[in-house]
Structures are given as C-alpha cells and as structure tokens.
1. With n ≥ 4 as the cut-off for DSSP H runs, can you work out [θ] at 222 nm for the chain, using -39500 (n - 2.57) per run divided by the number of residues, rounded to the nearest 500?
2. Report the Cα-based extents of the range 1-101 along its three principal axes, largest first, to the nearest Å.
3. Considering only protein heavy atoms and a 1.4 Å probe, what is the carbon-and-sulfur percentage of the accessible area of the chain?
4. Ordering 50, 18 by how much accessible area each has at a 1.4 Å probe, largest first, what is the list?
5. Along the charge dipole of the chain, which of 101, 185, 63 sits closest to the positive end, that is, farthest toward it, with unit charges on the beta carbon of Lys, Arg, Asp and Glu (+1, +1, -1, -1)?
6. In Å², what does the accessible area per residue of the range 11-194 work out to with a 1.4 Å probe?
7. What percent of all Cα-Cα pairs in the chain falls in each 10 Å bin, counting up from 0?
Amino acid sequence: MNIIKEHNIVLSARHGQDCIVLKSLSDKHLPYLYKWNSDPEVLYWTEGEDIEAYPPEVVHQIYGSISQNNPCFIVEVNGEIIGECWLQKMNLPDVQAMYPPNTDVRRIDMCIGEKSFWGKGLGTVFVGILVDYAFCTEQVDVLHCFCEDYNVRSSRVWKKLGFRLALTEELPQPNKGKLHYHWCLRREEYLTLQK
Ligand SMILES: CC(C)(COP(=O)(O)OP(=O)(O)OC[C@H]1O[C@@H](n2cnc3c(N)ncnc32)[C@H](O)[C@@H]1OP(=O)(O)O)[C@@H](O)C(=O)NCCC(=O)NCCS
C-alpha cells in the first residue's frame, strides 16, 4: 500500500524563463523528503523547535497522514524537483474558532528543500499558484498560514501575496523565534487584489 495518497491536480505558471509546475507528491518522491527532512539547515526554517533530522518513519507519518485528506504537491522548476507544499484543511481548533462556523479555512505549508533555490522569487510564485487554486478552484473562504518572526523570507512571501497579519503570539523563550505570526487572506480580499 502507498504511504502518500496521490491526486490528479497539476498546476503551473511561468516566472520569466522558468516553468514552475506543481504536481502530486507520491512515494517516488520519498528520497527527496528524506533528504530535506534530515537537513538541519532546512529544518531550522521549517520547524519551530530545533530538530536535527526526522527519521523515515516520521516522514512517512507526516506526509502519509496529511495527504489522506489534503492535496500535497512536489514543486518542479524546469523539470527539476526543488520542494514541496500542501493545501490543508485547518487542523488547529483555536484557529478554526476565529471564524464563523462552517467557514472553509485552509492553510498552506511550503518548503524549498533544495537550498540553492532560496531567495530567487520561486517561493512567491509557487505559493501564489496554490493560493489561486485554493480560491478559484476549491472555493476556499480563508487562507490562514503561519511563520515565525525569524523567517523573513516566509513573511515576505505572505506579504507579497496580499496576506495580512491576523495575530501575533509571543513564543516561550529561549527560542529562535520571538513571535509566531498568523497570516490571513480572505476570499473577498483575494478577489479585490485580482482586479
Ligand atoms: C520560505 C520560502 C518558501 C520562500 O521562498 P523563496 O523563493 O526563498 O522566497 P522569495 O525569493 O519568493 O521571496 C523572499 C523574500 O525574502 C527576501 N529575502 C531573501 N533572502 C533573505 C534573507 N536572507 N534575509 C532577509 N530577506 C531575504 C527577498 O528579498 C524576498 O523579498 P522581496 O521580494 O521583497 O525582496 C523558501 O525560502 C523556503 O522554503 N525556505 C526554507 C523552508 C521554509 O522556510 N519554509 C517556510 C516555513 S514557515
């Protein structure tokens, strides 16, 4: 039986000369997930706590469980695999409770695991592709996403895509982050930005 549940969604965009494609994450991508999830420099940015590496069983557990109900994507740039992302139904009751009942709240999580591709504008493009998919195809009501204050690249991506800071929470210290940011984009705000 497969670990990662696949889907048929393929999303793409051009960024200058680059062609960016999001397609289903699958078990054939596990070697990339093992590599990125055992790179302390990548985990420094993706995890709030200091984690040196996730063993394969934990990688299976993370991507195997999320993919059952949420589309998970591998990100390709000109045919080269550079990272992954997902669009997930809000899994945090406290966040869901910030909105009226039955609001379709989702979150996006993303990681460029190939470090040489950081800071080249690609994150903004592929997260933007997923934002368009969420609002235009999935008819999501709100995207509510997270990062910590030390992750300036991530904050910039949310800001550049029109998200606004909905909540700032202090993190227990000592910690590499001092603040936990909640970034929010409502469907109406997204549609206004498109005009
Ligand atoms: C977060 C991530 C997806 C962003 O994608 P990216 O392609 O690197 O980001 P972009 O190039 O689109 O945008 C980054 C922004 O941060 C700025 N930036 C880049 N490097 C920076 C640095 N070292 N310090 C501060 N700002 C930086 C860029 O100037 C850009 O902002 P601007 O367009 O206003 O100038 C990617 O860096 C990544 O996956 N990092 C590791 C994992 C991670 O952090 N995941 C998110 C967890 S919340």
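The values are calculated or read from the model by the stated rules, or taken from the named source; none is laboratory data. It should be emphasised that the depicted structure is a prediction, and the values quoted were computed from it without experimental measurement. Neighbour counts are summed over all protein chains in view; Cβ atoms, including those assigned to glycine, are modelled from backbone coordinates with ideal geometry. Heavy atoms of the whole protein, side chains included, go into the accessibility calculation; ligands, DNA and RNA do not. Shrake-Rupley method; radii C 1.70, N 1.55, O 1.52, S 1.80 Å.
1. Working: 7 runs with 60 residues, N = 195.
Taken over the chain, the calculation gives -8500 deg cm²/dmol.
2. Principal axes ranked by extent give 42, 35, 32 Å for the Cα atoms.
3. Carbon and sulfur atoms account for 52 percent of the accessible area of the chain.
4. Details: 50 130, 18 45 Å².
Sorted by accessible area, descending: 50, 18.
5. 185
6. On the way: 8980 Å² over 184 residues.
With the other protein chains kept in place, the range 11-194 gives 49 Å² per residue.
7. 8, 35, 41, 15, 1
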